[in-house]
Amino acid sequence: MSTSSIRSIRVLKETSFGQLAAATLEPDLSAFDGEADVELDATRAELTVIGDAVVIEHDSPRGGFYDVPGDPESITAAAGGLYRVRRGALTLTIPLEGYGSADADDCPISWLLSAGLPGIDTSIASGPEAVASDATAQTFGVDDSSDWILGGLIGVTRIGKLLELSSIVELGVGTVGHSPAFGAELDGQTVRPLRTWSSKIASIGASLAFKIDGHGFRSYAFGCRPSSYSLKSNGRRIDLTVELQCALVVDDHANAGTDGANVGDQPFRSGGVVMHSMGAEVVVSGAIDTGAASYPRVTGRTVLSVDAWEATITNVLDPVGAAVSRSVLGMSEMEVVSRSAEVKLTVTPTATLDGALWDRSHRHLALGFGPGGAAGSGGGILLMGAFLKTDASKRITSNPRVQQELVFGAGAWRGDAGDATDVSNCAIKIGLVL
């Protein structure tokens, strides 16, 4: 007997796209036999055998009313016979967990984000700094401003472990300028950098491979890259849903778990706190005015009263070398050719945004995830040039309370002043507190 209630998934950073063995140009299943892969903490129901065979219709002449079998895409396997080629999408939902004391490079959440987004290590060798600041000027003094990364996300924790989120927009001599504004003047609070990923046109990290195991079934997915990231609350826990396009899916049911055998290991734990929408806030800045004396530090700060929210980042993927391929992958890589983001909010009405659709204004939109207060705790997403796609002046009266439904797109931001980085002057940023 086989039961579908036992499932596990392991993830591996590929050494090259598709993890091909040099001797066969076929995916190397033995890569999962070492210590490079980890058990992923994901929603169990989604761990299913994925992908479909790619079959080309064979519309040949026929002498009667009957159908002709199609031609499955394949090549001759190294072991003989035809290699069974399947392709498809894998969807994973994982609780968003802080780094805690773990090395950010060793955490699978970093692997998933880096597989689809350019990122940068924003850690400071000397550690986070306790600083004083003028909240109006949106600057704070530091020991050495060259330790800080232009465009990197930063956070400060307030009473109740509330995490406030901002981004570095300029670096002076011993000073850091940031936007949007924090809620109050800093007076000895610690400013922590967030490991930051962005929508910049820049190099991304390693592709991923997955081993989906169960009682009576086993499949591998190779050459996987994220086509979308979605963040939303499950209750008040923050869940990250990642959809990955898989260049090749391989079955190995003959070696699946059997009666009396355990499948998988305990999921990876960083030791960090699982993020929640408590100890969190959603902030929209004033309209961006490139002619203002304070620019690129954008003034104005409105905390929205949020009843429901969802944030999505979308990658448009294009297979490279899909017409002629040296291997069973049918491509040599998947490249990101476009990115976009959308944030949907249901809020208590605020007149601040009523005219934003009509004047086509851009603003910072920051969603912080709590709790803050410690190294490796908290995170957030920031649209640097958010613009409204819906009419905020329209009130929603179909619910018990009058509300606004706001849909923000990610517009351009060109205000970061200084030497470019992989996270400066870009529309979308997501980060985890280091």
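Values quoted throughout were computed directly from the atomic coordinates according to the rules given, and no laboratory measurement underlies them. Because the structure is predicted, anything quoted here is derived from the model rather than measured. Every residue, glycine among them, receives a Cβ derived from its backbone with ideal geometry; neighbour counts consider all protein chains shown.
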Which one, 253, 32, 377, is farthest towards the positive end of the dipole of the chain when Lys and Arg carry +1 and Asp and Glu -1 on their Cβ? 377
How large is the helix-only mean residue ellipticity at 222 nm for the chain, computed as the sum of -39500 (n - 2.57) over DSSP H runs with n ≥ 4, divided by its residue count, in deg cm²/dmol to the nearest 500? -500 deg cm²/dmol
Which trypsin sites (Lys or Arg not before Pro) from the range 287-379 combine a DSSP loop assignment with at most 15 other Cβ atoms within 10 Å? 326, 360
Read phi for every residue in the range 376-392 and hand back ³J(HN,Hα) as whole Hz from Karplus 6.51 cos²θ - 1.76 cosθ + 1.60, θ = phi - 60°, with x for Gly and Pro. x, 10, x, x, x, 10, 9, 9, 6, x, 5, 9, 7, 9, 10, 8, 5
Stretchable slack from residue 360 to residue 75, in nm (0.36 nm times residue separation minus alpha-carbon distance): 97.3 nm
Rg (Å, one decimal) plus Dmax (Å, integer) for the alpha carbons of the range 291-434? 19.1, 60
What is the percent of Cα-Cα separations in the range 85-233 that go past 19 Å? 61 percent
Residues of the range 358-388 with backbone nitrogen within less than 19 Å of a virtual label 7 Å along the Cα-to-Cβ line of residue 201, please, listed as ranges. 384-385
What the Cα atoms of the range 159-283 span along the principal axes, largest first and in whole Å, is 62, 35, 23
Which of the chymotrypsin sites (Phe, Trp or Tyr not before Pro) found in the range 6-91 are loop residues per DSSP with 13 or fewer other Cβ atoms within 10 Å of their Cβ? 65, 66
Which pairs in the list 161/344; 161/429; 13/344; 211/232; 394/429; 232/429 are over 20 Å apart, alpha-carbon to alpha-carbon? 161/344; 161/429; 13/344; 211/232; 394/429
Can you tell me the length gained on complete extension of the stretch residue 144 to residue 352, counting 0.36 nm per residue apart and subtracting the Cα distance? 71.1 nm
Sites excluded, GluC sites (Glu not before Pro) in DSSP loops with at most 10 other C-beta within 10 Å, longest stretch of the chain: 58-434
If I take R0 = 56 Å and measure r between the Cβ atoms of residue 187 and residue 66 in this structure, what FRET efficiency does the formula 1/(1 + (r/R0)^6) give, to the nearest 0.05? 0.10
Net charge near residue 373, counting Lys/Arg +1 and Asp/Glu -1 over other residues with Cβ under 12 Å of its Cβ? +2
Averaged over all directions, how much area does the convex hull of the C-alpha atoms of the chain cover when projected, in nm²? 27.1 nm²
What percent does the relative contact order of the chain come to when contacts are Cα pairs within less than 8 Å and at least six residues apart? 20 percent
Estimate the FRET efficiency between residue 101 and residue 278 by the formula 1/(1 + (r/R0)^6), using the beta-carbon distance for r and 25 Å for R0, to the nearest 0.05. 0.65
